[in-house]
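Each remark here refers to the structure printed beneath this line.
No value in this document is a laboratory result; all are computed from the given coordinates. Please read these numbers as outputs of a predicted model, since none were measured by experiment. Positions of Cβ are backbone-derived with ideal geometry, glycine not excepted, and every protein chain shown enters the neighbour counts.
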Amino acid sequence: CNTAIGIPFAKAKEGSFVQDAPHLENSFEGDAFLKRNLERILPNNVYSDVKKELSAFGARVATDIYKLGRECELSPPYMKLQDAWANPHNRVVTCESWKELKRVSAREGMVALAYERNPKHQGFSRFIQMSKNYLFYPSSGLYSCPLAMTDGAAKTLEVSGFKDHGGAYKNLTSRDPERFWTSGQWMTEKRGGSDVAGGTETLAVQDPNFRNMYKLYGYKFFSSATDADVALTLARVVDPATGKTTAGTRGLSLFLVHVDQPSNLHLIRLKEKLGTKQLPTGELLLDGMNAELLSEPGRGVASISHMLNITRLHNASASVSAMRRIISLARDYSNRRIAFGKTIRNHPLHVRTLADMELECRAGFVLFAEAARLLSLEESGTASNDQQQLLRLLLPLLKLYTGKQCIKVVSEGVESFGGQGYMEDTGIPVILRDAQVTPIWEGTTNILSLDVLRAVAKTEGQVLVAYYQRIQGVLDSSVNPSLSECCSLLEQYRSQLISFAQNNSDQLEYVARDFSFGLARTLAGALLLEHASWSGAVESDVAAAERWLRQRDLVAQSLAVEQICNPSVTSIQKLDEALVFDGYDA
Ligand code: UCC
Ligand code: FAD
């Protein structure tokens, strides 16, 4: 026997070493930065109440909910067109865990929490609901996606005056699993999803018997919740007298549809996606689908923007939460993996890499928390005009910035597990696959950068005044004295951005992305500084503010260079063309 001569491979052919897998921690208790932010932002008694709920939920997120979410990835939805006897079925089949996650979501009040406006929350219901959704995302098997759209639909019904109409709002905001409904958001058509007005071909023909009822005919190219109960969608109303429609944005109206219309709604196929495989995203043919008009005719885009603004907040919650999840696993793994004779935690270069990820995650988190806080104030009727203006600017900034950074951080996180990070059965690759969608859906990075400019233009710059004032509020408060140099840097970045906007309006569209990133990063700097100056701040909070403001370039060179050289935009664009289309023959 080989053991006699000391060879350890006699019985166990694979050797005796087994690597300890990274452990999932209670996602609330392990997230010290989240806890300190909640403690700072919420009134004391509200925090001490909700922390129990969030801690219990954080434990579930790491255990039973995680298992349900994982099962959704492993048993993705599929289409069933017929039953065994060739009866038309035309349905998507989802796994039991996906259905259970719907019940869990109802019971946990993932949507309801924001609409119950419990007086015990003292106006912070939305903030608490979003904190809970933030914990949920990485274990939710993408159930967070239908929840985001459900939340957006409830909000749209509420602000459009349909709260007490037809029962949809009550079901979307119910905690009863038997009653709870989810909603889809059908905007994108084959011709385009960014330019919704240019892309929408769906027609709405008025039902002559009911004033607000229409029949919809069209093809919706992306529907991420084909199993939803209802959906909000856009269509072009056909004038009954002329048979004509109005082109452009002014021709679009908003409709509510009930999805269970087997004769008038056909699921054409489920998409074959890079990620979000848990999610039944399909293409739908609307063939005379009954629909109720929700907006004034021609106000469809403006009306659905209420939904967009909520789903974009959820998107940011998911982006930051994905960063948090991979960091949480990576730091635990760093304690379990040995290389060159010591745990990788004890290699400063490895910890430095994790610290950079943590910094990006914290910057994203403070932006997300600020947006959730401002929305809470708006929904409880206590937001000042400046706060409302800042919220309008912050929502696209937050979505575009965190969506992009999430991919970078998660990708770095995958590498921190070495080869194991690339292995499907570790459950790590799915985090990266799903991260890749966050900058695309709910408006791409460029489209949201243009929405930032839309917000500036529509308010004649008031959103930038509110932005300026928010940062000023931080500078005027008692900033931690060790961070005084950071205050001057913050002021410099702010004035660079504001003066660029004032002096280069003709270049703003061209540099919209750099401008938006600069705004997002600089505001994150102010918010990190605010947090670091709070009485409960710890060493890492101060380090985060300091590193963010002193070691990162918060505003892109392009803004400085173009301002100084000021060549015409067209000459710069010509160079872009030369670079991109070099050697290309159309
Ligand atoms: O992707 C989708 C679902 C994915 C699954 C769910 C994920 C949820 C998160 C998951 C977490 C796990 S649904 C498809 C999403 N699609 C988009 O986001 C569309 C992207 N494109 C845009 O956002 C464009 O900027 C458009 C479509 C809004 C541009 O259209 P127009 O025709 O150029 O729009 P206008 O004319 O500029 O705006 C029409 C009106 C204006 O108001 P009025 O008429 O009063 O002047 C705008 O100010 O709409 C107003 N408006 C807004 N208001 C437009 N955008 C906004 C806004 N964001 N906030 C307030
Ligand atoms: P396009 O509009 O064709 O854009 C192509 C590129 O051009 C983008 O990079 C864009 O940034 C850029 N671009 C376009 N216009 C400009 C401009 N003016 N300036 C600079 N750059 C520009 N949609 C729904 O309605 N409901 C859903 O449930 C849904 N689920 C989805 C699920 C998944 C997994 C995915 C991937 C998408 C989903 N979508 C859904 C669609 C999504 O919202 C769109 O794909 C997205 O809005 C972009 O639209 P598009 O695909 O038509 O790209």
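Things to note:
- Alpha-carbon Debye profile of the range 59-218, log10 I(q)/I(0) at 0.14, 0.20 Å⁻¹: -0.92, -1.31
- Here the calculated FRET efficiency for residue 539 and residue 213, from their Cβ-Cβ distance with R0 = 45 Å, stands at 0.15, rounded to the nearest 0.05.
- Computed from backbone phi with θ = phi - 60° and the Karplus coefficients 6.51, -1.76 and 1.60, the 3J(HN,Hα) list for the range 278-290 is 5, 9, x, 8, x, 9, 10, 9, 9, 10, x, 5, 6 Hz; x is used for glycine and proline.
- Just so you know, the averaged projected area of the alpha carbon convex hull for the range 303-391 sits at 7.2 nm².
- Using the average count of surrounding beta-carbon atoms within 10 Å as a protection proxy, the listed peptides 317-327, 247-257, 354-364 rank, highest first, as 317-327, 354-364, 247-257.
- Kirkwood radius, the chain, all distinct C-alpha pairs, inverse of mean reciprocal distance: 25.6 Å.
- For residue 259, residues with placed amide H under 5 Å, excluding near neighbours: 230, 231
- Calculated on alpha-carbon atoms, Rg and Dmax of the range 445-580 in Å: 16.4, 54
- Furthest towards positive pole of dipole, 284, 228, 410, structure part the chain, Cβ charges: 228
- Taking amide H atoms as placed 1.01 Å from N in the peptide plane, the amide H of residue 202 lies under 5 Å from those of 219, 236, each 5 or more residues away in sequence or on another chain.
- Charges were assigned to the Cβ only: +1 to each Lys and Arg, -1 to each Asp and Glu. The resulting dipole of the range 183-298 about its Cα centre is roughly 300 debye.
- In order along the range 407-413, phi translates into HN-Hα couplings of 5, 4, 5, 5, 4, 4, x Hz, rounded to whole numbers, per the Karplus curve 6.51 cos²θ - 1.76 cosθ + 1.60 with θ = phi - 60° and x for Gly and Pro.
- Considering helices alone, the calculated mean residue ellipticity of the chain at 222 nm is -17000 deg cm²/dmol, with DSSP H runs of length four and up weighted by -39500 (n - 2.57) and normalised per residue.
- Convex hull volume of the Cα atoms of the range 183-298, normalised per residue: 98 Å³.
- Nearby lysines by direct alpha-carbon distance to residue 80 (threshold 16 angstrom, same-chain neighbours under 8 apart not counted): 271
- Between residue 89 and 82, 83, the built amide H atoms are under 5 Å apart, and every one of these is 5 or more places off in sequence or on another chain.
- Positive end of the dipole of the chain (Cβ unit charges, origin at the Cα centre): among 297, 456, 351, the Cα lying farthest that way belongs to 351.
- 3J(HN,Hα) couplings calculated from phi for the range 145-150 with the Karplus curve 6.51 cos²θ - 1.76 cosθ + 1.60 (θ = phi - 60°) are, in sequence order, 5, x, 5, 4, 5, 5 Hz; Gly and Pro show x.
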